[in-house]
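Have a look at the structure below before the remarks.
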Amino acid sequence: MTAPPTVKGWCPGAYRPMMSADGLVVRVRPRLARLTALQAAGLCDIALRYGSGYIDLTNRANLQIRGVADADHEPVLARLNALGLLDSDPKFESRRNLLIAPFWAEGDVTARLSGALLDRLADLPELPAKIGFAIDCDPAGPQLTQCSADIRIEQGETGLILRADGAALGRAVTGQTAIPALIEMANWLADHVTPQARRMASVVAHAPLPPDWSNLPPRAPARAPQIGLHPLGALVGAPFGQIDARALDKALTGTAGLRLTPWRSFLLEGTGMHAPEGFITAPDDPLLRIDACPGAPLCPSASVETRRLARALAPKVQGSLHVSGCAKGCARARAADVTLVGQKGKFDLVQGGCAGDRPLKTGLHPQDLMTGAF
């Protein structure tokens, strides 16, 4: 019997990369999910010089350089530092697990709160590696409710609220009290984490929050941003979050910077909607409904190739499709209408669930899937 894939319980960083079948995966966490055009071009050069030539855009709005050799890790760190993309202290990098609503403006509440939290990283307690924070204060309403975060600052019905993931209601905060309250909640979480409950949603399922932390409702979520023109520039998609560094370097022409989103898309600041090669520029492109991990041979946990099949199936499947190289389901944590899970070179089929759920069918060949056997 094949052993189940190992979930490492932590994410790669710049100082602490993760080994994959194609080399080291080096994660870069841009501050406020933005890079200047110069930083973005420099990252493309690093990926081409030291990596595979591809950059991953993650569902945490981070970037990953793939295929870095062990001997090149130190030169990569030096280049990232020169670009202003490296924390001075590795401890702060691991704590800077911050997701923000991407369409902020200089000096607005999102930018101010993000900066204030970054200034107080040293005040956060030691927490499990995947614990993350969201600052979701877009005036149109929360945008990140479907994204992973343990502690959230959001727009409530009457003002800002601090909400624990897994709790329906939140606590009233202001621009001045939000970050101290977040640190207070982080300390509460640190005190209640157990080996069985290491994320906020699982903790609050068993440990009640203080009553005054859960009494105000959030606003209804905002409509998901669409690929196309935006007041700040052009929002384009990256199929499966994979970015060809050469294509991105060309797309940067004329842009002031790059805003990253957790939806496998990025904003080219200050540009009109042109059609950069290799990216999604139509809001109805079927690839926007598809998630697929790198798969074999790039991931040692995968026994199947994933993305070629996902591209072929995209126009054939109605609704969302997740093609996962193994049962970990790294590309998509939430349920999909159809999930295909690699198992010993074939695929299991899950309907309306996640990669780790019980399959409806097992042992499907790719050719079966192409003929609609599922």
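Taking other residues whose beta carbon is less than 12 angstrom from the beta carbon of residue 309, and scoring Lys, Arg as +1 and Asp, Glu as -1, yields +3. With K and R counted +1 and D and E -1, the other residues having a Cβ less than 10 Å from that of residue 323 yield a net charge of +2. Under 8 Å for C-alpha pairs, at least 6 residues apart: give me the relative contact order for the stretch 10-55, rounded to a whole percent. The value is 22 percent.
Taken per residue, the accessible surface of the stretch 149-225 reaches 48 Å², heavy atoms only and a 1.4 Å probe. Apply the a/c threshold of 1.5 to the C-alpha gyration tensor of the stretch 222-308 and tell me whether it is rounded, prolate or oblate. Since a/c reaches 1.5 and a/b is larger than b/c, the shape of the stretch 222-308 is classed as prolate.
Our helix-only sum for the chain, with -39,500 (n - 2.57) per DSSP H run of n ≥ 4 divided by its residues, gives a mean residue ellipticity at 222 nm of -6000 deg cm²/dmol.
Taking a ≥ b ≥ c as the square roots of the eigenvalues of the Cα gyration tensor of the stretch 146-298, is the shape rounded (a/c under 1.5), prolate (a/b larger than b/c) or oblate? Verdict is prolate for the stretch 146-298. Is the stretch 245-374 best put as rounded, prolate or oblate by its Cα gyration tensor, with a ≥ b ≥ c the root eigenvalues, rounded for a/c under 1.5, and otherwise prolate when a/b is larger than b/c, oblate when not? Prolate.
Beyond 31 Å between alpha-carbons counts as too far, so tell me which of 130/344; 316/346; 316/344; 91/346 fall in that bin. Too far apart for the 31 Å limit: 91/346. Rounded to whole numbers, the Karplus 3J(HN,Hα) couplings from phi for the stretch 217-223 are x, x, 6, 4, x, 6, 5 Hz, using 6.51 cos²θ - 1.76 cosθ + 1.60 with θ = phi - 60°, and x at Gly and Pro.
Spin-label model, residue 196 to residue 92: label points 7 Å out along the Cα-to-beta-carbon direction sit 3.9 nm apart. Check every DSSP H run in the chain and write down those whose alpha carbon atoms cover 30 angstrom or more along the long axis and whose mean Kyte-Doolittle hydropathy is 1.0 or greater. Answer set is empty. The length gained by stretching the chain between residue 69 and residue 282 to full extension, at 0.36 nm per residue less their Cα-Cα distance, is 73.1 nm. Taken as Cα centroids, the stretch 284-339 and the stretch 131-181 sit 30 Å apart, rounded to the nearest whole angstrom. In this structure, the amide hydrogen of residue 230, modeled 1.01 Å from its nitrogen in the peptide plane, lies closer than 5 angstrom to those of 235, counting only residues at least 5 positions away or on a different chain. Quick one: net charge around residue 287, please, counting Lys, Arg +1 and Asp, Glu -1 for every other residue with C-beta under 13 Å from its C-beta. Net charge in that neighbourhood comes out at +3.
The values are calculated or read from the model by the stated rules, or taken from the named source; none is laboratory data. Here the structure is a predicted model, which means the values were calculated and not measured. Virtual Cβ from ideal backbone geometry, glycine too; neighbours counted across all protein chains shown. Just the protein is used for accessible areas: all its heavy atoms, side chains included, with ligands, DNA and RNA removed. Shrake-Rupley method; radii C 1.70, N 1.55, O 1.52, S 1.80 Å.
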